[in-house]
Amino acid sequence: MRGKVAENTLVFGNPAREMGRASLYLERLPLAPDTLDTYGLPLADRRALQRAHFGLHDGGVR
């Protein structure tokens, strides 16, 4: 996709294509049962939450 992208637009792929609106995605995100929101967490807390969520231990993937 060349040129300007409208505000609130989700663009994915190569070649890039408009896939939806960020506002709709953000409305539906909390409704998903397996949502894992780590935005704004310090790195150590984020990794601990991810390990617990995916059932990993300290020797897991980094």
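The values are calculated or read from the model by the stated rules, or taken from the named source; none is laboratory data. Computed from a prediction, not measured in an experiment: that's the story for all the values here. Cβ coordinates were reconstructed from backbone atoms using ideal geometry, including for glycine residues, and neighbour counts include every protein chain displayed. Areas reflect the complete protein model, heavy atoms only, side chains present, ligands, DNA and RNA absent. Shrake-Rupley method; radii C 1.70, N 1.55, O 1.52, S 1.80 Å.
For the range 26-42, the count of residues that are at positive phi, free of Cβ contacts under 8 Å to residues at least 40 places away in the same chain and part of a strand (DSSP E or B) is zero.
Looking at 6, 52, 48, 16 in this structure, which one is open to solvent by 70 Å² or more (accessible area, probe 1.4 Å), more than 14 Å from the chain's Cα centre (by Cα) and aliphatic (A, V, I, L, M)?
52
For the range 19-41, a tally of residues being among the hydroxyl-bearing types (Ser, Thr, Tyr) and more than 14 Å from the chain's Cα centre (by Cα) returns 0.
Scanning the range 19-41 for residues that are among the aliphatic types (A, V, I, L, M) and surrounded by 10 or more Cβ atoms within 10 Å (Cβ to Cβ) returns 19, 22, 24, 26, 29, 36, 41.
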